[in-house]
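J.: Have a look at this one.
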Amino acid sequence: MLETIYKRRSIRAFHPDPVPEATLRELIRAAMHAPSAGDERPWQFVIVDDRELLRRVPTVHPYASMVPTAPVAILVCGDLKLETHEGFWVQDCSAAVQNLLLAVTAHGLGAVWLGVHPRRDRVEGLRKLLGLPDHVVPLALVPIGKPAEEPAPEDRFEPEKIHRNGW
Ligand SMILES: Cc1cc2nc3c(=O)[nH]c(=O)nc-3n(C[C@H](O)[C@H](O)[C@H](O)COP(=O)(O)O)c2cc1C
């Protein structure tokens, strides 16, 4: 597990090989295993593998130029109708995104977290592109594929950010 955590880096270049359907299911299964407030599980996942839709993503997200090179992307959304503990959906869905990224790494695949909420233009752009209902808020788009780059692991341990028994 720790090896996977330290190995995970953002991948922004992909080979075109498709991600098998069984792998996609396994990745989403891992995402759905995330903890959530009161076990509310307020997430919804939109698999995007239509080439034309992937090609149009950079028109609604300014930092998503790599998306058209990926065979597939998963949009992790919060479903406000499923929220039973108000305001916690972002934390729940973020935990799901991190689980997804770690599962991707464990499969030898690559991915990057593209932030959507709380940027209104990205939320509305993706809502329109993918026909999401008003109560479904896109949180992160995660393009996934066989990595075409291999960023080196980094040591980001910063002991000055650790405090004990107060500030
Ligand atoms: C909330 C969030 C939003 C992000 N949005 C983008 C994005 O729009 N485009 C992008 O290329 N990377 C995005 N990233 C990836 C970060 O740039 C990346 O995680 C960070 O630079 C650390 O590098 P690493 O993931 O390789 O460890 C985002 C990451 C997070 C957690």
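J.: Which pairs have Cβ atoms under 8 Å, sit 6 or more apart or on different chains, and link a residue in region 115-128 that is within 11 Å of LEU141 (Cβ to Cβ) and charged (D, E, K, R) to one that is surrounded by 19 or more Cβ atoms within 10 Å (Cβ to Cβ) and at pLDDT 95 or above?
T.: ARG122/VAL60; ARG122/HIS61; ARG122/VAL116; ARG122/PRO138
J.: Anything in region 19-69 that is aromatic (Phe, Trp, Tyr), within 16 Å of the ligand (Cβ to nearest atom) and either under 24 Å from HIS107 (Cα atoms) or exposed (fewer than 11 other Cβ atoms within 10 Å of the Cβ) (or both)? List them, or say none.
T.: Here is the first cut: in region 19-69, the ones aromatic (Phe, Trp, Tyr) are 43, 45, 63.
If we keep only those that are within 16 Å of the ligand (Cβ to nearest atom) as well, we get 43, 63.
Scanning region 19-69 gives a single hit, TRP43.
J.: Name the pairs whose Cβ atoms lie under 7 Å apart, with the first residue in region 47-61 and more than 16 Å from VAL142 (Cβ to Cβ), the second part of a helix (DSSP H, G or I) and of a type outside the set (A, V, I, L, M), and 6 or more positions between them or separate chains?
T.: From region 47-61, the pairs are ARG55/PRO68.
J.: Within region 147-166, identify whether any single residue is touching a residue at least 60 places away in the same chain (Cβ under 8 Å) and either in a helix (DSSP H, G or I) or surrounded by 18 or more Cβ atoms within 10 Å (Cβ to Cβ) (or both), and answer yes or no.
T.: Within region 147-166, one or more residues are touching a residue at least 60 places away in the same chain (Cβ under 8 Å) and either in a helix (DSSP H, G or I) or surrounded by 18 or more Cβ atoms within 10 Å (Cβ to Cβ) (or both).
J.: Taking the stated definitions as given, is ASP79 within 12 Å of the ligand (Cβ to nearest atom) and over 25 Å from ARG55 (Cα atoms)? Steps first, please.
T.: Working: within 12 Å of the ligand (Cβ to nearest atom): no; over 25 Å from ARG55 (Cα atoms): yes.
It is false that ASP79 is within 12 Å of the ligand (Cβ to nearest atom) and over 25 Å from ARG55 (Cα atoms).
J.: Quick check, is GLN98 within 14 Å of the ligand (Cβ to nearest atom), more than 25 Å from LEU54 (Cβ to Cβ) and in contact (Cβ under 8 Å) with a residue 40 or more places away in the chain?
T.: Working: within 14 Å of the ligand (Cβ to nearest atom): yes; more than 25 Å from LEU54 (Cβ to Cβ): no; in contact (Cβ under 8 Å) with a residue 40 or more places away in the chain: yes.
Spelling it out, it is not the case that GLN98 is within 14 Å of the ligand (Cβ to nearest atom), more than 25 Å from LEU54 (Cβ to Cβ) and in contact (Cβ under 8 Å) with a residue 40 or more places away in the chain.
J.: Quick check on my filter: what residues within region 14-24 are part of a helix (DSSP H, G or I) and touching a residue at least 12 places away in the same chain (Cβ under 8 Å)? Break it down stepwise before answering.
T.: Filtering region 14-24 for residues part of a helix (DSSP H, G or I) gives 21-24.
Answer for region 14-24, where residues must be part of a helix (DSSP H, G or I) and touching a residue at least 12 places away in the same chain (Cβ under 8 Å): THR23, LEU24.
J.: Got a sec? Which of ILE11, ILE5 is within 15 Å of the ligand (Cβ to nearest atom), hydrophobic (A, V, I, L, M, F, W, C) and more than 18 Å from LEU141 (Cα to Cα)?
T.: Working: ILE11 fails: more than 18 Å from LEU141 (Cα to Cα).
Among ILE11, ILE5, only ILE5 is within 15 Å of the ligand (Cβ to nearest atom), hydrophobic (A, V, I, L, M, F, W, C) and more than 18 Å from LEU141 (Cα to Cα).
J.: Would you check which residues across region 25-60 are outside any strand (DSSP E or B), touching an Asp or Glu at 6+ places or on another chain (Cβ under 9 Å) and of a type outside the set (D, E, K, R) and list them? Show your work before the answer.
T.: In the first step, residues of region 25-60 are kept if they are outside any strand (DSSP E or B); the result is 25-42, 49-60.
Now drop any that are not touching an Asp or Glu at 6+ places or on another chain (Cβ under 9 Å), which leaves 34-37, 40-42, 60.
Correct list: ALA34, PRO35, SER36, ALA37, PRO42, VAL60.
J.: Also, quick follow-up: Would you mind telling me which numbered condition in (1) over 14 Å from ALA34 (Cβ atoms); (2) within 15 Å of the ligand (Cβ to nearest atom) ALA106 fails?
T.: Failed condition: (2).
J.: Looking only at residues that are within 17 Å of GLN44 (Cβ to Cβ) and in contact with a Phe, Trp or Tyr (Cβ under 9 Å, 6 or more places away or on another chain) in region 123-143, which one is surrounded by the most Cβ atoms within 10 Å (Cβ to Cβ)?
T.: The residue in question is LEU141.
The values are calculated or read from the model by the stated rules, or taken from the named source; none is laboratory data. Note that the coordinates shown come from a computational prediction; the quantities given were computed from them, not determined experimentally. Methodologically, a virtual Cβ is constructed for each residue, glycine included, from the backbone with ideal geometry; neighbour enumeration extends over all protein chains shown.
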